[in-house]
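To start, the structure under review is shown below, and the notes come after it.
The values are calculated or read from the model by the stated rules, or taken from the named source; none is laboratory data. Given the structure is predicted, the values throughout are model-derived calculations rather than measurements. Glycine also receives a Cβ, built like all others from the backbone with ideal geometry; neighbour counts cover every protein chain displayed.
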Amino acid sequence: MPAGARGVLGLRSIVWVGIMLAVFQQLVGINVIFYYGATLWQLAGFTEEQSLQINIVSGAVSIAACLVTIAVIDKIGRKPLLLIGSAGMAATLFAMVYVFANGTLDAAGNLQLSPELGIVALVAANLYVIFFNGSWGPVMWVMLGEMFPNQIRGSALAVAGFAQWFSNYLVAQSFPVMASGLGLAVSYLFYAVAAVISFFLVQRFVRETKGKELEEMEG
């Protein structure tokens, strides 16, 4: 294969890796927590006041996790943080699947959680937020800014950015339908499986960018 053709295929492959990172950042369901947090917790049996308080705590936890990531990203590296995040999100999402699958329904058909399951759900949800904002939240954007060669950097960032926002839209629009039609357990199972898949995709296709110049990046 001619060198030029190899170059084109190589550049195309790295753009696909960027798209993969952008899409899976959303497929793990993070914006379900942020967009539908209060509604989600009310569906799980918490009062409206409790749901709002949980949302406030989740927001504070998100900010703290991002600050920690900023402090350690150049010491740990981008790829290790993504792998840790994928594993942590998968574990916490499966914990939430367990909680929602073992809840009971009241007379009106609303999901109710026992005090024990409610505590597990709260801990799992906040750990999930920590894992996301300590990894995929900020690190995905850092990777997109560092992984593309100079000659395609602008267009590749535009494509990956569009993929991220379009995935965000699809996840946000599909959650109410999934939650009402399939239930919270099945909905969160989808996000958990996406987190597991993201781990292996990162392990296989993502290259570390720590300490590399843009001129060193290749397809």
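The residues of the stretch 67-79 that are in contact (Cβ under 8 Å) with a residue 24 or more places away in the chain and surrounded by fewer than 17 Cβ atoms within 10 Å (Cβ to Cβ), listed by number, are VAL68, ILE70, ASP74, GLY77. In the stretch 47-64 there is at least one residue that is within 24 Å of GLN173 (Cα to Cα), among the hydrophobic types (A, V, I, L, M, F, W, C) and either modelled with pLDDT of 90 or more or surrounded by fewer than 17 Cβ atoms within 10 Å (Cβ to Cβ) (or both). Restricting attention to the stretch 158-185, the residues that are assigned to a helix (DSSP H, G or I) and touching a residue at least 40 places away in the same chain (Cβ under 8 Å) total 15. Looking across ARG204, ARG153, one residue alone is at pLDDT 90 or above, out of contact with any His (no Cβ under 9 Å at 6 or more places or on another chain), closer than 30 Å to LYS75 by Cβ and charged (D, E, K, R). It is ARG204. A single member of ALA192, ALA172 is at pLDDT 95 or above and of a type in the set (Gly, Ala, Ser), and it is ALA192.
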